[in-house]
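See below for the structure under consideration.
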Amino acid sequence: MKPTAVRRILRPMSDGRNAPKTVAIFATCLMDAMRPSVGFAMAKLIRGAGFEVAVPRAQTCCGQPAWNAGDDKSARAIAAAAIDAFDGFDYVVLPSGSCAGMIGVHYEEAFAGDASLLARARALAAKTFELSRFLVEVAGVDSVQIDKGFAGRRAYYHDSCAGLRELGIKTEPRTLLVRAGIDIVEGEGAETCCGFGGLFSVKFPDISGAIVDKKIEDIQKGTTDLILGGDLGCLMNIQGRLSRLGLDIEVRHFAEILAGATTPAIGRGR
């Protein structure tokens with residue numbers, strides 16, 4: 001499905017005659033295993049916008065690692081399970097542009113030869129949103145009360161490749177953060193890759209390392225002690241390099257800031 005189809009502007013039912021619509025949180029692999037606080041932050045934000053929240057127990061991976069590795073058979077099996085797990089919910093929301101892109105763009109490619117699953121994949125894609133886009137376009141969130149410790153902080157925002165290029169996400173997280181009182185430092189390389197790329201960083205570690213070094217050079221050009229983004233893979237990759245370089249810069253998912261997270265950051269350089 002084309003990205004524009006995923007970007008449809010919808011509004012929640014709130015006329016008093018209907019129950020609140022239900023949002024199913026897709027707990028991405030990295031969030032589930034490495035940063036569950038992002039999931040709790042998502043739930044807080046979505047409930048605060050007037051929706052019911054569900055976390056389907058049957059969910060697993062979106063299938064992206066297998067798809068990127070060329071294991072189409074496994075990817076389709078995983079994707080089919082995801083379609084089943086999220087059937088019946090009004091919306092599906094993810095904290096990751098890469099996983100949202102897998103569902104919104106690549107599921108159609110995966111099931112191109114299966115009419116039944118293709119129709120269901122398209123239906124899932126139509127109600128699937130990355131978190132910042134959901135809050136802005138669907139929920140119509142105008143402002144968020146963040147933790148006082150973050151108000152006025154200067155932050156470098158990193159645009160993940162999948163979120164930016166597959167889904168066109170750029171203004172949505174910035175809009176929410178600026179309204180919440182965060183001063184965004186726009187780096188010259190904010191839109192450039194961090195070097196993670198999933199399997200890319202494993203297959204080509206030297207190239208990956210050189211790319212993330214360029215990213216950190218761009219970060220250091222601005223006066224900031226906070227890095228924000230929407231994809232945990234990118235953020236963990238950047239934080240890992242910062243740590244190895246001994247640089248003391250806090251790294252967080254934007255949902256943690258908007259929800260007033262008080263848990264430890266993804267990491268600091270030292």
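Here, each number is a calculation from the coordinates, and none is a lab measurement. Treat the numbers as computed from the prediction; the structure is a model and nothing was measured. Cβ sites come from the backbone with ideal geometry, for glycine too, and all protein chains shown count toward neighbours.
As a proxy for reagent exposure, Val38, Val55 were ordered by neighbouring Cβ count within 10 angstrom, fewest first; the result is Val55, Val38. Taking every C-alpha pair closer than 8 Å and separated by at least 6 residues, the mean separation divided by the residue count of region 86-234 gives a relative contact order of 26 percent. Would any residue of region 244-260 have its amide N under 20 Å from a label point 7 Å out along Cα→Cβ of Asp147? List them or say none. Counting only backbone N, you get 248-260.
List the relative contact order of the chain as a percent without decimals, with contacts defined as Cα pairs under 8 Å and 6+ residues apart.
Numbers: 513 pairs, mean separation 53.4, N = 270.
20 percent.
Sorted fewest first by neighbouring Cβ atoms within 10 angstrom, Ser98, Ser116 come out as Ser116, Ser98. Across region 25-48, the residues whose backbone nitrogen lies under 19 Å from the label position 7 Å along the beta-carbon direction of Ala69 are 28-34.
Given an 8 Å cut-off on Cα distances and at least 6 residues of separation, report the relative contact order of region 3-138 as a percent.
On the way: 199 pairs, mean separation 41.5, N = 136.
Once divided by the residue count of region 3-138, the mean separation gives 31 percent.
Rounded to the nearest 0.05, the FRET efficiency derived from the C-beta distance between Ala19 and Thr223 at R0 = 41 Å is 0.30.
Once Rh is set to the Kirkwood radius over Cα pairs, what Stokes-Einstein translational diffusion coefficient, in µm²/s, holds for region 195-241 at a temperature of 20 °C and a viscosity of 1.002 mPa s? Provide the component values of the computation, followed by the final result.
Details: Rh = 11.1 Å.
Stokes-Einstein gives a translational diffusion coefficient of 194 µm²/s.
Residue order for Lys21, Lys215, Lys73, Lys221, fewest other beta carbons within 10 angstrom first, comes to Lys73, Lys221, Lys21, Lys215. Only helical runs count toward this figure. For the chain, summing -39,500 (n - 2.57) over DSSP H runs of n ≥ 4 and dividing by all residues gives -11500 deg cm²/dmol at 222 nm.
Mind checking the log10 I(q)/I(0) for the chain at q = 0.12, 0.13 Å⁻¹? Debye, one equal scatterer per Cα, no solvent, two decimals. Taking Cα atoms of the chain as identical point scatterers yields -0.70, -0.83.
Are there any helices in the chain, counted as whole DSSP H runs, that stretch 18 Å or more along their axis by Cα and score at least -1.0 on average by Kyte-Doolittle, and if so which?
On the way: long enough: 72-85 (19 Å, 0.39); 205-220 (22 Å, -0.26); 232-245 (19 Å, 0.46).
What comes out of the filter, once short or polar helices are dropped, is 72-85, 205-220, 232-245.
Just the projected area, averaged over all directions, of the convex hull on the alpha carbon atoms of region 154-258: how many nm²? About 6.1 nm², averaged over all directions. The antiparallel fraction among DSSP beta bridges confined to the chain stands at about 5%.
If R0 equals 30 Å, the separation of the Cβ atoms of Ala126 and Arg57 corresponds to a calculated FRET efficiency of about 0.80.
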